[in-house]
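Some notes on the structure that comes next.
We did not get these values from a lab; they are worked out from the coordinates using the rules stated. As the structure is a prediction and not an experimental result, all values here were calculated from the model. Cβ: placed from backbone, ideal geometry, glycine included. Neighbour counts: every protein chain shown.
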Amino acid sequence: MARNRQALGLDPRPVERILDFDIETLAAGFADPNWVPQKITVAAWSWVGEDEVHHLITGKEGFWNRDVRGAALMPLLRAISQADALQGHNIVRFDLPVLNAECARCGLFPLPRIKVYDSMRLLRMKGFKKGQSNMSHNFHLKEEKMSLEWSEWDAAYEEDGWPVAVERCVTDVIQHKAFAANPDVQRWLRGPSIWKP
């Protein structure tokens, strides 16, 4: 059957629906230096193969109100539920665990077990900074994500609607999609893994 599909010019494998996403957070307390809870402030996501980037903000009220924050996160959670796989930078160690913790705090369901492509997972090497911007420059990508200093982050959260924080998150997704699709980059990335909540 696969050979017949190839003869017809069709890919024998089903096409995965991959969602690229990123979150921004603020620390919500420092009672224990080894445990700093993070609350999601902004999220952006886009389907691989599409140009549109969606985003959400939890808002100032959402920072203090779990019901408001949980409702704000629903569009991202719905998109994740429709995905065959997720991709992003450092999502296994940061974005997914933080999002899962937010689901627990907000009375939502846990994230599903799902295939992930995490561009932090490079082939073994030493002396190579693994930040997304650094790697994008190393591989000569033209897409840039907005860079913000701490004082700029502070000012961004003072604005109504958090437009600068949204732009930062959106540009992160745009850059990452280009990064993950680049053949020169792909040869240095490890294969997918399974996120197990």
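Below are the figures for this structure:
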read-out: Helical mean residue ellipticity (222 nm; -39500 (n - 2.57) per DSSP H run of 4+; nearest 500) of the chain; value: -11000 deg cm²/dmol
read-out: Relative contact order (%) - criterion: Cα under 8 Å, at least six apart; region: the range 14-195; value: 25 percent
read-out: Flagged links, alpha-carbon separation over 20 Å, of Lys142/Lys177; Lys60/Lys145; Lys39/Lys60; value: Lys60/Lys145
read-out: Distance histogram in 5 Å bins (all Cα pairs of the range 100-178, percent per bin); value: 3, 12, 15, 15, 18, 19, 13, 5, 1
read-out: Highest to lowest packing among 109-122, 78-91, scored as the average C-beta count within 10 Å; value: 78-91, 109-122
read-out: Rounded Å value of the spacing that divides the Cα centres of the range 146-195 and the range 42-57; value: 11 Å
read-out: For the chain, projected area of the alpha-carbon convex hull averaged over all directions, nm²; value: 13.5 nm²
read-out: Kyte-Doolittle mean at least 0.0, axial Cα span of 15 Å or more - DSSP H helices of the chain; value: 66-82, 163-181
read-out: Footprinting exposure proxy for Trp150, Trp195, Trp188 (fewest neighbouring C-beta atoms within 10 Å first); value: Trp150, Trp188, Trp195
